[in-house]
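The block underneath contains the structure these notes are about, expressed in structure tokens.
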Amino acid sequence: MHQLPLPFALACSVPLLTSAALGSTLHPVMEQDDSPLRTPDGLTALTRVDLDPLSITELEARIAALQGEIDRTRRHIERASLHRASADALFRR
């Protein structure tokens, strides 16, 4: 007789869904994913950095880098606005 691989055998022996009376294994669709494997987005990670160990020079460099990113984002917003305005003008004809 052929033996099934252990992970497959275990998966087959554990019910995937149970009734509410038994303690459902189903989760609501809107449940927040608190998985430790999920990495935070860049902005969230940026706001969580501990600033205490940074020197004044490092903090000033951080501000300069962040200001550069703010400027880049504003330029992108401006380009997107201009692009949208030209598209709107084209389709109004």
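Using packing as a proxy for protection, rank 50-58, 77-85 so that the peptide with the highest average count of other Cβ atoms within 10 Å comes first.
Details: 50-58: 8.1, 77-85: 10.0.
My ranking of the peptides, most packed first, is 77-85, 50-58.
Along the range 82-90 the Karplus relation, 6.51 cos²θ - 1.76 cosθ + 1.60 evaluated at θ = phi - 60°, assigns HN-Hα couplings of 5, 4, 5, 4, 5, 5, 4, 5, 5 Hz to successive residues, with x for each Gly and Pro.
Each reported figure results from applying straightforward, stated rules to the coordinates on display, with no laboratory input. Bear in mind that the values here come from a model prediction, so they are computed numbers and not experimental data. In this analysis, Cβ positions are derived from the backbone assuming ideal geometry, glycine residues included, and neighbour counts consider all displayed protein chains.
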